[in-house]
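Before any comments, here is the structure.
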Amino acid sequence: MILLAAQRSTTAFLSLPASVAIFQLEQGKELTSQQLAEVEEDLTSALAYGVNQAELNSQLSYISLRRLLLDQSNAASREELLQALKSVEAALEGRPLDAYLWTRYTHLSYLLDGLSPYTLAALDRSFRYGSKEKQLFRFRMVLGLTEWERLPPALKEATLKQIEFGASHPTLWGYVLADLSTEARATLLGILASSEADVERALRIERSLRRTREVN
C-alpha cells in the first residue's frame, strides 16, 4: 500500500507540468518547442511508474502533437510522428470511446500516410464518439473539406451533419475558412450557402485572420 501510494504521488508530481501546459494551451497561450519537450520528458518519466497509463499517454500524445506542429520550418520526422501515434494507441487501450484520442489518431495518421484506411477509420470513430465536441470541429472540417472528393460517402455524410451542427457558430467557420485552400474554401462556401450559417460574418472573421497572419 505504501509503495503504491508513493508511486501515485510521484506520478502526480511528474505529470503536474503537463496539466498546467495543457490548460495554458487550451487558453490560447503559446509555449515554445523547448517547453513542450520538457513536459514530454516529465510524462515519459511518470509513465515508468505504471500508474494511470491511459491519462498519461493521452497527455503525452497531446503535447507531442502540439510540439510537432509548432515548428513549421522543421518537418517532423516519421519516427517522431510514429512515437506520438504509439502514445495515442496506448491511451486508446484504456479509453476506446474517446473522441479526442481518435481525432488525434486521425491527425497523426494523416501526417504519416495521408488518407489511408487507418486515417479514415479513425476519422469515422472521431465523428461517431464526439460529433458535438466543438474543440474537435475545426480539424475535422479542414481535413474533411480538403479531402472532400476522396471521402467515402459515409464520411461525407458525417461531415455534412457536422456542418449543420456548426451552422450557428460563425466564429468557428471563420477559422475554418482561413485554414482552407482555394478549392476547399469554395466547396465549404457552396455548402454554407444553403445552411443557416451567417456567411458574411464568417467571411469578415476569415479576412481578419488572414490579415493578421500576413503581418505575422
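The phi torsions of the stretch 200-211, fed into the Karplus equation with coefficients 6.51, -1.76 and 1.60 and a -60° offset, translate into couplings of 4, 5, 4, 5, 5, 5, 4, 4, 5, 5, 5, 5 Hz, rounded to whole numbers, with Gly and Pro shown as x.
Applying the Karplus relation 6.51 cos²θ - 1.76 cosθ + 1.60 with θ = phi - 60° to the stretch 144-152 yields 3J(HN,Hα) values of x, 7, 5, 10, 3, 5, 9, 6, x Hz, where x marks Gly and Pro. Count Lys and Arg as plus one, Asp and Glu as minus one, and take only other residues whose Cβ is under 14 Å from that of ARG210; the net charge is then +2. 3J(HN,Hα) couplings calculated from phi for the stretch 165-176 with the Karplus curve 6.51 cos²θ - 1.76 cosθ + 1.60 (θ = phi - 60°) are, in sequence order, 4, x, 4, 8, 10, x, 4, 4, 5, x, 5, 5 Hz; Gly and Pro show x.
Projecting the Cα atoms of GLY174, LEU192, ASN216 onto the charge dipole of the stretch 168-216 (Cβ charges, centred on the Cα centre) puts ASN216 farthest toward the positive pole. For ASP98, the solvent-accessible surface with a 1.4 Å probe is about 30 Å², rounded to the nearest 10. Sites counted here are trypsin sites (Lys or Arg not before Pro) in a DSSP loop (not H, G, I, E or B) having no more than 14 other Cβ atoms within 10 Å; the longest part of the chain that contains none of them is 30-131.
Of all lysines in the structure, the ones whose alpha carbon falls short of 22 Å from that of LYS161, not counting any fewer than 8 places away in one chain, are LYS132, LYS134.
Cβ-Cβ distance of THR182 and SER45, R₀ of 30 Å, FRET efficiency by 1/(1 + (r/R0)^6): the value works out to about 0.05.
By the Cα gyration tensor, the stretch 77-134 has an equivalent ellipsoid whose semi-axes, rounded to whole angstrom, run 18, 13, 8 from largest to smallest. Between the beta carbons of LYS156 and GLN24, assuming R0 = 22 Å, the FRET efficiency works out to 0.05 to the nearest 0.05. The figure for VAL199 is an accessible area of roughly 40 square angstrom, using a 1.4 Å probe on the protein chains alone. Using alpha carbon centroids, what distance separates the stretch 82-106 and the stretch 112-146, in Å? Centre-to-centre distance over Cα atoms comes out at 13 Å. Local charge for THR146 was computed over the other residues whose Cβ lies under 14 Å away, with Lys and Arg +1 and Asp and Glu -1, and equals +1.
Measuring between their Cα centroids, the stretch 161-216 and the stretch 28-45 lie 31 Å from each other. In terms of its C-alpha gyration tensor, the stretch 125-216 has a prolate overall shape, because the principal axis ratio a/c (a ≥ b ≥ c, square roots of the eigenvalues) is not below 1.5 and a/b outweighs b/c.
Remark: relative contact order (the chain) = 12 percent; criterion is Cα-Cα distance under 8 angstrom and separation of 6 or more residues.
The slack between ALA121 and ARG78, meaning 0.36 nm per residue of separation minus the straight C-alpha distance, is 13.4 nm.
The values are calculated or read from the model by the stated rules, or taken from the named source; none is laboratory data. Since we're looking at a predicted model, the values are computed, not measured. Here Cβ is always computed from backbone atoms with ideal geometry, including for glycine, and neighbour counts include all displayed protein chains. Note: accessible area is taken over every heavy atom of the protein model, side chains too, but ligands, DNA and RNA are not part of it. Shrake-Rupley method; radii C 1.70, N 1.55, O 1.52, S 1.80 Å.
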